[in-house]
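S.K.: Take this structure first; my questions come after.
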Amino acid sequence: MRSDLGEHGRVPRQRDAVGTGCLALLLAVGTDTHPFERLVRWLEEWHGDAAADVRLTVQHGHTRSPALPGAVPFLRHDALQAALADADLVVCHGGPATILEARRHGRLPIVVPRDPARGEHVDDHQQLFARRLGAAGLVALCESREALRDALAAGLADPARYTVAADPGAQAAQRAAVARVGQIVDDLVAAASRRRPWWRAWARPGDGVVPGGASGAVSGAGRDHGAGRGR
């Protein structure tokens, strides 16, 4: 599934507030190389308990393939757009591109941000970003299994709760969101670089240690959107 999404030349369809027939749910965990086992497991457990007839598309990325119908590792760009256009409910990780694309297709995304403490990402920028959007009412933020279950129950009862005005022109907002996450990551890297250890290794002449105890510089460490950070 590509997250550097561009223009498509078509306006996403505006769906009825309450759909008919089988409810369609899309889960998208993005392309980050860290597994997101927690979110996939939560959906498996919910689906096993849910009495409603739900049609799933589950993009599980580098997480193990779940015991769910409609599970695929990745979606091509056009397939992702079709799944977003068709979905009544969108559950996703905290990647800015995925969130903005869901809103562009008229969905209020149910967002479970990746947690670096669980090995789901390299840092906490998804949590910072998703919490800010949650406070602004731009996503349905779920940071626990119970919160996710409550959001899905509300969506099954009334899918219109997760409908927003489709915004085909959200590309500028997407770029601004990605840039903001890049700035957050840059700030985290800069803060970490300012924290010097109280000890200094003993250096012999010729060891390459420069004055101040630094052994070199890292450039561009905070911003590599192409590697999946924030997507």
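Nothing in this text is a laboratory measurement; each read-out follows from the coordinates by a stated rule. Just so we're clear, the structure is a prediction, and the values are computed from it rather than from any experiment. Glycine gets a Cβ as well: all are built from the backbone with ideal geometry, and neighbour counts include every protein chain shown.
S.K.: For all pairs of alpha-carbon atoms in region 35-120, what percent lies in each bin of width 5 Å, listed from the first bin to the last filled one?
M.R.: 3, 13, 24, 27, 21, 10, 2
S.K.: Net charge near Pro69: determine it from the other residues with C-beta under 14 Å of the C-beta of Pro69, scoring Lys and Arg +1 and Asp and Glu -1. Intermediate values should be presented prior to the final figure.
M.R.: Numbers: positive: Arg55; negative: Glu44, Asp53.
After counting each charged neighbour, the total is -1.
S.K.: Moving on to the next point. So what does the Cα-only Debye profile of region 29-83 read at q = 0.22, 0.26 Å⁻¹, as log10 I(q)/I(0), no solvent term?
M.R.: Taking Cα atoms of region 29-83 as identical point scatterers yields -0.86, -1.09.
S.K.: Also, I was wondering about something else. Collect residues whose amide H, placed 1.01 Å from N in the peptide plane, falls under 5 Å from the amide H of Val72; neighbours closer than 5 in sequence don't count.
M.R.: Counting only residues 5 or more places away or on other chains, the set is Val58, Gln59, His60.
S.K.: Compactness ratio of region 94-170: Cα Rg over 2.2 N^0.38 Å, N = residue count?
M.R.: On the way: Rg = 12.7 Å, N = 77, 2.2 N^0.38 = 11.5 Å.
Rg over 2.2 N^0.38 Å, computed on Cα atoms: 1.11.
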